[in-house]
Amino acid sequence: MEYNFETSCSKTKLADIRSFVRSVLKEHQIADVDINSMVLAVEEVVANLIIHSHNCNPREIIKLNILIEKNQGITFKIIDKGVGFNISEYKEPSINEIIRQKKKGGIGLILVKRIMDDVEYINNSSHNVYRLYKKMQSPI
């Protein structure tokens with residue numbers, strides 16, 4: 001099954017993204033712990049795009065596509081036209097280094113890569129696609 005959602009690039013829309021992802025996953029009787037982790041991963045990528053690629057410009061759009069394939073997994077595609085960031089080439093900083101430098105951020109993408117089974121960045125001439133994949137078995 002496929003689900004689509006579109007919203008403006010405003011931080012106030014993150015609650016709508018969380019709600020959409022949560023409601024879609026609940027329809028498929030996925031465990032709450034898995035739902036919460038996938039919501040966190042999708043929200044982290046979308047928040048980074050809204051803030052860093054779109055400068056919180058509400059006139060710009062982010063699209064989210066969720067594809068659920070029975071006995072295979074869930075694919076989240078986040079599509080935008082902002083400044084691209086190759087998340088699949090992201091090198092994890094050392095947690096100790098983040099703590100030592102007292103950085104405010106830096107662990108979100110670490111979580112995304114640990115939660116999801118595959119993370120991919122696809123750049124087309126007209127848009128960027130951030131593909132997050134999670135293997136799941138029944139009851140999807």
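Values in this text are rule-based calculations from the coordinates and carry no lab data. The shown structure was predicted, so the numbers you read here are calculated from the model rather than taken from an experiment. Cβ sites come from the backbone with ideal geometry, for glycine too, and all protein chains shown count toward neighbours.
Observations, loosely collected:
- Calculated FRET value between Ala31 and Tyr3, using beta carbons and R₀ = 22 Å, to 0.05: 0.70
- The modelled label-to-label distance between Ala47 and Ile122, using points 7 Å beyond Cα along the C-beta direction, is 2.7 nm.
- Inter-probe distance in nm under a simple model that places probes 7 Å from Cα toward Cβ, at Ala15 and Asn57: 2.6 nm
- The stretch 1-80: C-alpha pair distances exceeding 16 Å, %: 47 percent
- Subset of Lys11/Lys77; Lys26/Lys81; Lys13/Lys77 violating a 22 Å alpha-carbon distance limit: Lys26/Lys81
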